[in-house]
1. Only one residue in A358, A326 is over 24 Å from S591 (Cβ atoms), buried (at least 23 other Cβ atoms within 10 Å of the Cβ) and touching a residue at least 60 places away in the same chain (Cβ under 8 Å), so which one is that?
2. Give me the strands (runs of 3 or more DSSP E) completely within segment 110-228, filtered to those with at least 3 residues that are at pLDDT 95 or above, more than 16 Å from the ligand (Cβ to nearest atom) and under 30 Å from L510 (Cβ atoms), ordered by residue number.
3. Within segment 487-507, can one find any residue that is within 16 Å of the ligand (Cβ to nearest atom) and touching a Lys or Arg at 6+ places or on another chain (Cβ under 9 Å)?
4. Across segment 678-713, what is the total count of residues that are in a loop (DSSP other than H, G, I, E, B) and among the small types (G, A, S)?
5. State yes or no: is R309 more than 16 Å from the ligand (Cβ to nearest atom), surrounded by fewer than 24 Cβ atoms within 10 Å (Cβ to Cβ) and within 20 Å of the chain's Cα centre (by Cα)?
6. Quick one: which residue in E374, E409 is within 23 Å of the chain's Cα centre (by Cα), surrounded by 22 or more Cβ atoms within 10 Å (Cβ to Cβ), of a type in the set (D, E) and assigned to a loop (DSSP other than H, G, I, E, B)?
7. Taking strands (runs of 3 or more DSSP E) that fall entirely within segment 556-604, which contain at least 2 residues that are modelled with pLDDT of 95 or more and within 25 Å of the chain's Cα centre (by Cα)?
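The values are calculated or read from the model by the stated rules, or taken from the named source; none is laboratory data. For clarity, every value in this text was computed on a predicted model and none was experimentally measured. Neighbour counts run over all protein chains shown; Cβ positions are idealised from the backbone, glycine included.
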Amino acid sequence: MDGQAQSKDFSVKFTMDEAQPRVLDRMAQGLLGTAMDRPEGRMKVTGTAPYAAEYRREGLVHGMLVRSTITKGRVTGIDAEKVQSMDGVIAVMTGGPLVRNPAQGTAHEAPAQSLPEVFYVGQPVALVIAESFEQARHAAQALTVTYDRADGADVDPATASDTETPEDNVLSQGDIDTAMKEAAFAVDTRYSTPPHSSAAMEPHASVASWTDGRLELHGSYQMLRHNVAELADALGVDEADVRIHSPYVGGGFGAKLGIAPEAVAAAHAARELGRPVSVVLTRPQVFEMTMRRSETTQRLRLGSDAEGRLTALGHEDWVSNLPGEAFAEPTAQGTHFLYGGDNRYFAQTLARVHRPCAGSVRAPGEAVGMIALECAMDELAETSGIDPIDLRLRNLPETHPENGLPYSERGLEDCLREGAAKFGWDARTPAGTRLDGDWWIGMGVASAVRVNALMNSTARVTLNPDGTALCETDMTDIGTGSYAILTQIVGEMLGLDPGQVEVRLGDSDLPKSSGSGGSWGAQSCGSAVFLAAQEIRKQLAEKLDVAADDLTFKDGTVTCDNVQHDIGDLIETPLTCEGTLNPGDTADAFSIAGYGAHFAEVGVHRDTGEVRVRRMLGVFSIGRVLNEKTASSQCHGGMIWGIGSALTEEIMHDPSDGRIVNHNLAEYHLPVSLDVPDLDVVLLEDTRDDQANPIQAKGIGELGIAGAAGAIGNAIYNACGVRVRDFPATPDKIFPHLPETD
Ligand code: MOS
């Protein structure tokens, strides 16, 4: 569809204030929850699904961003003249919206035409535009930029002079110091995790063109309604004059939650030149100009009574970001409600450093916070002689230990027990007692937890007289399976074969959804689609003068009192209903989260300290499963991230200037196929979270990473008795401490 939103016949708004009936369990189609293939899967694997950088426009030209080579200071000159004469070069631009946001924030707004201030190595300072990508890149490399360097740029969080511990980030309950002193068993330990990159397969790319004052941008983004607002703000235009298309996104993981510099650059240049402009980030630019995950240092204090029941729980953390940026990795997020303990202490300190901007990377908070918490729990298990699974089970609180809220659905106990049985936890032996050839073998466990959020979301569903249906929303599919699950929800509700359902996503002119982020997409957008489809059922029931519950929708037919109609025969013109989901009181009245348990078995080479993950099992409790295949695939992906964060992934900053040294996929070590053993994923069946939303489903995009690296760290300890507290657990950190063997 073109242009503005089409009209709808009916709209329904719903606010999630109380537990909802399990409507989807009464449907007859049997499509939801199955391992249905992605409708767009064939297009993706045959290379015909268009990604942002592939859009072509008449007269398209190419822009290449130029990166700062200094850490802090000001650009004093850009020698545009020299490159203007190079083949194909059209323009060199700087200042204004181009450099307005070095990353996500609006803190460093620069007046138009002024030479940019610099805050980190790799910040965009100019844009070179040429007829071809290669010419633009060549000229960008030849461009001479001069700088006025400022002194005193902190690049190391450990020694940064500007640090803050906001009062809001401190929570003290009871008296942790006394509780630690009086504890029968106590662990006071520190862990550190390195900066991570989202490293999505598809680099950030934008193709922009303006028609009659309206911007059309093909980009690669996660939350279009916010991205429209950000882009409009950066360009000084109305939101109504911005349209973003992101029908296919090759991974986001947080790096595409907000717009990155290439979107502003492409849009700004296209406006200036009156020509369509494409700007594609190179891999090093993706590392530098888009968000990294902050490194963390974490202090865990755990004290328990003689039975292993926690009396003290402390989680302090130190993270970093650029000066002026608001985001701080919410490291202890999961710790607040996972385990009990009356005496609690939390504090977060943020260091201001001139490293590339820190922001959300898959499961911000839990992804790294759970490594430290779950390894510290393993230390407590070791100290107290209590089995690690037992220890966790003894510490599941009745209600939220800080605010007293009831839990909604919490499947953690089931995940731990089922996982232990399936994994063969019984066969685990004490640390450093199992040698298989040259390999020490060990097992580790960790809980998984991830907060669950519901976001405002609207979707439109149209039933056509030919018995087909169309579902439209600006929701994105960042590889997660949105096309699949929305097809299934419509098909289930209206009794349609998936081939009869078309889902259109990733166009900001469509009804505004939650977008993809924070694991809220499936449940928020899915609920909006559910509500719209439910309204269609209701309208059809009214035509037949019966209650919607008395109708059975299946295989393109509607049956009532043993009379069967073809669904399309019930309407003469398309019937369009819009559904809007708003989070309500249940989000404040319950502690709602996804839960799981990770089990890992590793081998540690007795001579080199090399770690190989031999097998892994993840058991998850996420409420209703919408698609067994795409949900499992999300868990696999999360667990693979866990392997990466446990063993290999680490952004390295040059200690002299903060630059990212390993800004490429050759030296930023993601796990490859040979690093990943068979991963077993179990999704607990028939779980429903009635408080979460009207479809009783919870997020799964991030839960799979939370705790996964902790299980591997604990397995390393169980294998060889070496406790790695500085991740990733590379061989150099293990080898010197290995036990002697013959
Ligand atoms: Mo996520 S890190 O909110 O895409």
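1. On inspection, the qualifying residue turns out to be A358.
2. Fully inside segment 110-228 and qualifying: 205-211, 214-218.
3. Looking for residues that are within 16 Å of the ligand (Cβ to nearest atom) and touching a Lys or Arg at 6+ places or on another chain (Cβ under 9 Å), one finds none in segment 487-507, hence no.
4. Matching residues across segment 678-713 total 6.
5. no
6. E409
7. In segment 556-604, 575-583 are the strands (runs of 3 or more DSSP E) which contain 2 or more residues that are modelled with pLDDT of 95 or more and within 25 Å of the chain's Cα centre (by Cα).
Per-residue answers, yes or no, for (1) surrounded by fewer than 24 Cβ atoms within 10 Å (Cβ to Cβ); (2) over 28 Å from M223 (Cα atoms); (3) modelled with pLDDT under 95; (4) charged (D, E, K, R):
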| residue | (1), (2), (3), (4) |
| --- | --- |
| P247 | yes, no, no, no |
| G250 | yes, no, no, no |
| K256 | no, no, no, yes |
| A269 | no, no, no, no |
| R293 | no, no, no, yes |
| L300 | no, yes, no, no |
| H315 | no, yes, no, no |
